[in-house]
Amino acid sequence: MPYQDFREFLDALRARGELIDVDRPVALELEVAKAMRKSAAVAGPAIVFTNNGSEFPLVGGVYNSRAKALIAYGCDEDTVVEHILHGLAQRIPPVVIEHAPVHENVVLGDDVDLATLPVPRYSPDDGGPYITAGIVVSRDPDSGTPDIGHYRFEIIDKHTMSFLAMPNHRFGKNLAKAAARGQKSFRAALVIGVDPMLAYTGPIQVPEDTNDFEVAGGLRGAPVELVKCRAIDLEVPAHAEFVIEFEVDFDHTVFEGPLGEYTGYYTPGSMKPIARPLALTYRDKPYFQALLTGKPTTENHVLKQLAFEASFLDSMRKTFPTIERVAIPPSGGVNFRVVMAMRPRFAGEARNAILTAMGSNVRPKTVIVVDPDIDVQNSGEVEWALAFRTQPARDVIIVDDLPGGPLDPTLDDTLPPDRRTGSALGIDATYPYGTAVKVAGEACGPAQAEHGREFVEVADVPGWRDYAFPELDAR
């Protein structure tokens, strides 16, 4: 059964020893971040900071390990990718209800005071406290299609926020469409504390006409319950802990940033639009949520990875059905490095796959294609393939003047984001088409073995993965 809300997921984490309470005073200024970083470094538990200087408990580290991600999906490593792919294929529309837990408390207009919320500062040079776990719900001004996605929001003062919305992301595109239509403002909602499937839906790569609530319904196996906002014309998750309904003012800007971002670098501050809260709604005894950002691997990388990999695999398989596995690792920010395992059906197909990946909205800087015997999640195996299955003059592709990846610190930051371009590196680390490969004496590719006469044998110990070794397991 899917989790009904954020609280049920927290209960599941606690039952598995993956959630602890910290009742001593902990400062929102950097101390929360230190505790979260230390726990995440050992794949430790999520943390409820009950004594944080506000009236609301703050929970962080909910998405800080692969183990928690599997609890969220209700899967193990062997089933999670197919579970996500099934959810993408079997979408379930949301339902709108009239009364919702998120409206148990309603604060409107000038009575909204953002300073009452426990919003941490994560890195020493951050421009201010940041809501990093918030999910923006917005609607395409032309089609009306709803979108959900994670975006950073800086608290400027008790009545003002600002944010970063990249032009290639759907919230940024929705803002641009509204401005092009002559609108002076745009309304959306920032949602904090949700059923984990909503959080994991945000990073999924889907076409722009996709209703993300339908995708979340497919992943949940049940409809997402929505409720109409109190101050704006929009539906939001009915069981969220908090919702901030806001209006973006296109005519006024404020300095936003810097923030220690997912790249591991600070993004420079700059003038950004003002977002003014129109309503704050929340549940009785709600949990606010923190999400650590910064140098990989942090919580936002784990949150993105499974969903990114599964949706990217689904998209690539439509053209290249022999792609078996994909890795978009945290070391590349779950963006800039892609590794694909495939069995090419003809000469040059691996290069085709590389170029298609470069042209995707993921915007990777490095794309590597390996044979299926390589574990794409194992960097050592990938590096071995690069060392012994490639010749740079033959197998490396460099493409220049591609759209720059989001927040890439090596791009020219004097240009606006939509004008920044960069280059990408592709490496074909598959054996040349027609080469039959043997691993430990057994051919690992009958399709390859049918072509050509060259055999390359990989030395390995057969059956070692399945060897029963209880003494080692006990450790």
TODO: Skip the ligands, DNA and RNA, and give the accessible area per residue of region 84-184 with a 1.4 Å probe, whole Å².
DONE: 42
- [ ] Using the structure shown, select from Lys68/Lys304; Lys38/Lys68; Lys34/Lys272; Lys295/Lys365; Lys173/Lys295 the pairs with a Cα to Cα distance greater than 22 angstrom.
- [x] Lys34/Lys272; Lys173/Lys295
- [ ] Express in % the proportion of alpha carbon pairs of region 1-123 at distances exceeding 19 Å.
- [x] 61
Open item on the list: As a test of understanding, state the convex hull volume per residue of region 64-290 from its alpha carbons, in Å³.
Closed with: 128
TODO: Just the number, please: Stokes-Einstein D of region 198-284 in µm²/s, Kirkwood Rh from C-alpha pairs, 10 °C, 1.306 mPa s.
DONE: 101
TODO: For the chain, return all DSSP H helices satisfying: extent of Cα atoms along own axis at least 27 Å; mean Kyte-Doolittle hydropathy at least -0.5.
DONE: 299-317
Open item on the list: Ignoring ligands, DNA and RNA, please state the percent of accessible area on region 64-290 from carbon and sulfur, probe 1.4 Å.
Closed with: 50
- [ ] Could you tell me what percent of the accessible area of region 319-429 is made up of carbon and sulfur, with a 1.4 Å probe and every protein chain present?
- [x] 52
Open item on the list: Within 10 Å of each candidate Cβ there may be at most 14 other Cβ atoms; applying that plus a DSSP loop requirement, which trypsin sites (Lys or Arg not before Pro) in region 163-204 survive?
Closed with: Arg181, Lys184
Task: Rounded to 5, percent antiparallel among DSSP beta bridges of the chain - done: 70
Open item on the list: Keeping every protein chain present and rolling a 1.4 Å probe, give me the accessible area per residue for region 319-429 in Å².
Closed with: 45
Task: Point-to-point label distance, Glu55-Thr319, nm (Cα→Cβ direction, 7 Å offset) - done: 5.4
- [ ] Give the residues of region 94-115 whose amide nitrogen is closer than 18 Å to a point set 7 Å from the Cα of Glu247 in the direction of its Cβ.
- [x] 107-114
- [ ] Would you calculate a helix-derived [θ] at 222 nm for the chain, using -39,500 (n - 2.57) for each DSSP H run of n ≥ 4 and dividing by the full residue count, to the nearest 500?
- [x] -7000 deg cm²/dmol
Task: q = 0.13, 0.22 Å⁻¹: log10 I(q)/I(0) that the Debye formula gives for region 285-402, counting C-alpha atoms only - done: -0.53, -1.36
- [ ] Hand me the GluC sites (Glu not before Pro) from region 34-133 located in a DSSP loop with no more than 16 other Cβ atoms within 10 Å, in residue order please.
- [x] Glu55, Glu77, Glu98, Glu104
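The values are calculated or read from the model by the stated rules, or taken from the named source; none is laboratory data. All values derive from a computational prediction rather than experimental measurement. Methodologically, a virtual Cβ is constructed for each residue, glycine included, from the backbone with ideal geometry; neighbour enumeration extends over all protein chains shown. All accessible areas refer to the heavy atoms of the entire protein, side chains included, with ligands and DNA or RNA removed. Shrake-Rupley method; radii C 1.70, N 1.55, O 1.52, S 1.80 Å.
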